[in-house]
Amino acid sequence: MNILVIAPHADDEILGVGGTIAKYIHEGHNVFVCITSRGYKPLFSEELVETVLREAKECHKLLGIKETFYFDFPASMLEKVNRSEINDKLYEVIYKVQPDIVFIPHYGDMQKDHEIIAEASMVALRPKYKHRVKTIYSYETVSETECNIPHTANVFIPNVYIDISNYLQKKMEAMKQYQSQLYDFPNSRSIEALDALAKYRGATINVRAAEAFALIRQVI
């Protein structure tokens, strides 16, 4: 299969789908990642932007990602971009990859970039096009998914769990490549917090570790 993970920012793909990515690759599937934004001054220094890009490449090499697509849309400022530009760029990647499964961010995340990319992804994934994706999931991103204003429209309700018991360590190794994005526990963007979430999601289905997703659409 071809699997595509769409990430608003570099590291979201690992936070939400890292163990599942490792599992799919180990099983012989092709995994592609699309990082849809990059930092610009004055919000982000050039040094930090270069560091994150280097970390992403090292991380994806470690996992064995087939190909990574990098967009130049401004991080934390996607609301200033014409929506059709984002839709079209995502469609181009989907058309090239021809994925069977696509993972997108949860639309209820606190970060506006996540909401915009989730909505744009669904525009590009409409089943009216020649290539029809079989399955679409949304994933949770620590420090974003759990931090929005409590409301029924924002809540992440997982209904699909992927057992990553044998791949949790690989996820942690991959996340450690993003040293610029990691913090000390009890910050939610820490190795300990990611480990705790994976074990909690795993305990939900009586396995040692899991990642949780919300099924958006499946065609059988």
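The values are calculated or read from the model by the stated rules, or taken from the named source; none is laboratory data. Remember, it's a predicted structure, so these values are computed and weren't measured experimentally. Virtual Cβ from ideal backbone geometry, glycine too; neighbours counted across all protein chains shown. Heads up: the accessible areas ignore ligands, DNA and RNA and are worked out on the full protein's heavy atoms, side chains in. Shrake-Rupley method; radii C 1.70, N 1.55, O 1.52, S 1.80 Å.
All told, His106 falls short of being at pLDDT below 95 and either at negative phi or of a type in the set (Val, Ile, Thr) (or both).
Applying the criterion of being in contact with a helix residue (DSSP H, G or I) (Cβ under 7 Å, 6 or more places away or on another chain) and open to solvent by 20 Å² or more (accessible area, probe 1.4 Å) to the residues of segment 111-141, the residue that is nearest to Gln98 (Cα to Cα) is His131.
Here is a check on your reading of the model: is Tyr161 touching a Ser or Thr at 6+ places or on another chain (Cβ under 9 Å) and within 20 Å of Asp12 (Cβ to Cβ)? Break it down into steps so the answer makes sense when it comes.
Numbers: touching a Ser or Thr at 6+ places or on another chain (Cβ under 9 Å): yes; within 20 Å of Asp12 (Cβ to Cβ): yes.
Considered against the rule, which asks whether it is touching a Ser or Thr at 6+ places or on another chain (Cβ under 9 Å) and within 20 Å of Asp12 (Cβ to Cβ), Tyr161 comes out as yes.
One residue stands out among those in segment 192-220 that are among the hydrophobic types (A, V, I, L, M, F, W, C) and open to solvent by less than 40 Å² (accessible area, probe 1.4 Å): the one that is nearest to Ser165 (Cα to Cα), which is Ala209.
Taking the conditions exactly as written (among the hydrophobic types (A, V, I, L, M, F, W, C), surrounded by 13 or more Cβ atoms within 10 Å (Cβ to Cβ) and either at pLDDT 90 or above or within 21 Å of Ile3 (Cβ to Cβ) (or both)), does Ile157 satisfy them or not?
Values: among the hydrophobic types (A, V, I, L, M, F, W, C): yes; surrounded by 13 or more Cβ atoms within 10 Å (Cβ to Cβ): no; either at pLDDT 90 or above or within 21 Å of Ile3 (Cβ to Cβ) (or both): yes.
No.
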